[in-house]
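Student: Just dropping this structure here.
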Amino acid sequence: LNSREKLRKKFTLENKEILSEIAENSVEKQLAKKVLEIIDKNLSSESFGVEELSKEIGMHRSTLSRKIIQ
């Protein structure tokens with residue numbers, strides 16, 4: 001639990017920096033922001049993974065991966 005709390009604090013503090021680094025336009029920023037919010041919301045869930053993230057975003061897993069990797 002302690003390590004999860006540390007990750008949550010670090011992740012929350014770095015969200016703004018991550019968004020500015022990975023997103024070049026407003027559409028990319030909106031997607032990145034939504035992904036980060038969903039991950040942050042589910043950070044304590046051990047069963048949360050890529051499949052659940054893609055369902056919440058509303059994209060196929062491979063499409064989401066391609067958008068994030070670009």
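Student: Here are some conditions: (1) open to solvent by 100 Å² or more (accessible area, probe 1.4 Å); (2) modelled with pLDDT of 85 or more. Residue 16 meets all but one. Which one does it not meet?
Tutor: So the condition that residue 16 fails would be (2).
Student: In the range 37-61, what residues are polar (S, T, N, Q) and exposed (fewer than 12 other Cβ atoms within 10 Å of the Cβ)?
Tutor: Correct list: 45, 47.
The values are calculated or read from the model by the stated rules, or taken from the named source; none is laboratory data. Since we're looking at a predicted model, the values are computed, not measured. Heads up, the Cβs are rebuilt from the backbone with ideal geometry, glycines too, and the neighbour counts pull from every protein chain shown. Please note that ligands, DNA and RNA were not included when accessible areas were found on the heavy atoms of the full protein model with its side chains. Shrake-Rupley method; radii C 1.70, N 1.55, O 1.52, S 1.80 Å.
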